[in-house]
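Here's the structure, in structure tokens; my notes come after.
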Amino acid sequence: LSNVLYRILNDEPEKPRVFTPTCPVELEAVITKCLEKDPNRRFQTVDQLIDVLREISPCDDPGAGVKDVTTGFLRSAIDRLPASHEESSEPDTTPIQGTKILTAPQRESGPQIHHEPEFEQPENRRGNPILVVFLVLIGLLSAAGALVYFSPEAQKAVFGPQGAPWIPTPTPLPTATPTPSPTPQPTATPLPVETPTAIPSPEPTPIPTQGPVQVRLVVDPPSPIQVDGQWGAGTRQSRQIHTLSLMPGEHSFTVHVQDFEPQKLWRKIGVSEGQTVALTIDLGFLTVNPLPGYAPPGGDVYLDGAHLGKIPLIRKKVAAGEHTLIIRWQGHKPFERVIQIPRLPAPGLNIGDAAPPE
């Protein structure tokens, strides 16, 4: 509905000839002027409208045949209208339709005559339907335009969100707050104290602890072993295979190879039964001899910081691989070299030029 009213207020109306192609141009101009949105551009009085309508004629001869139904009907209706400039000097004595005509009795010398009231047949006066329809249309358009113009939606569309400046913003009237009458305070009754029922806390489900598992240790070369620094049952004997019960997790294994420094290895034990863990020590032979004529006697031999003994050192069992060899003499610079000891059963490494550097 708001869209229709907005179009009535803002859009220009269609020409009458769009709907009635036979409408004369003069009549179309009169209808268009009556539909003007600006009141100042419309007819200001009905007399002006009647004068213009009288000028619309389908032909010059009033008695000629009517060629157009619209203008002919309009012409016949206008001819029955009084002229705008004529004024009747005598009051209109035409009886109103359906009323009695009374005549004053005549008093004469003769016998009194009784007059019966007569009813005059009212004249069939036809109004101007076009003028009535036109005036009704003008009234409807004016009412619709006023309704649209003074509606809140149209005011906001024309003047913005605040609406028309002359329309004050309604302010709510302050309502009087009734003063509450004082009521006596009820006496507080102490509520009975309830002893809360102790809710037993659920005990956590014990996590089953993993017990020891049986492990098969394969030692190469066959040697006694210590587990976590402790001797076990039968671990002091030099064996190839040791069967022990160990807890899952990481453990240290110290392998005691004969004529060889103890070697500590770390292995992780799983949770499965009967697993096999290899403890392999890569061994090699190291021989160190002094350079005759240049090395003083009594030098101490160190391999990766561990003391192996004094030179000459013959076929000493050591770990295979890369090491740092250092020989120290009293009052001389040390001999230092990085060596690679091959793994058995390869031949051992022989150092024969050990002497203090110059």
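Would you please give the FRET efficiency between V46 and L140, computed as 1/(1 + (r/R0)^6) with r the Cβ-Cβ distance and R0 = 22 Å, to the nearest 0.05?
The computed FRET efficiency comes out at 0.80.
Remark: region 2-8, residue by residue, has Karplus-estimated 3J(HN,Hα) of 4, 5, 5, 5, 5, 5, 4 Hz, where x stands for each Gly or Pro and the curve is 6.51 cos²θ - 1.76 cosθ + 1.60 at θ = phi - 60°. Couplings for region 352-358, taken from phi via the Karplus curve 6.51 cos²θ - 1.76 cosθ + 1.60 with θ = phi - 60°, read x, 10, 6, 7, x, x, 7 Hz in order; Gly and Pro are left as x. Summarising the amide proton neighbourhood of A354: residues at separation of 5 or more, or on other chains, whose placed amide H is nearer than 5 Å comprise N289, L291. When the Cα atoms of region 283-354 are aligned to their principal axes, the ranges along those axes come out at 37, 22, 17 Å in descending order.
Could you tell me the relative contact order of region 283-354? Use alpha-carbon pairs under 8 Å, at least six residues apart, and round to a whole percent.
43 percent
Remark on G299: its backbone amide H falls under 5 Å from those of I311, a criterion applied only to residues 5 or more positions apart or on other chains, H modelled at 1.01 Å from N. Amide H to amide H, with H built 1.01 Å from N, A320 comes under 5 Å of D282, L283, G284, counting only residues 5 or more places away or on other chains. Couplings for region 226-232, taken from phi via the Karplus curve 6.51 cos²θ - 1.76 cosθ + 1.60 with θ = phi - 60°, read 10, 10, 6, x, 10, 7, x Hz in order; Gly and Pro are left as x. Counting only Cβ charges, +1 for Lys and Arg and -1 for Asp and Glu, the dipole size of region 213-280 around its Cα centre is about 100 debye. Spacing of the modelled spin labels on V338 and N3, each 7 Å from Cα toward Cβ, amounts to 9.0 nm.
Listed by chain and number, the lysines whose alpha-carbon sits under 26 Å from that of K156, ignoring those within fewer than 8 places in the same chain, are K37.
Any read-out appearing in this document is the output of simple, stated calculations on the displayed coordinates, not a laboratory observation. All of these numbers come straight from a predicted model, not from anything done at the bench. Note: ideal-geometry Cβ built from the backbone for every residue, glycine included; neighbour counts use all protein chains shown.
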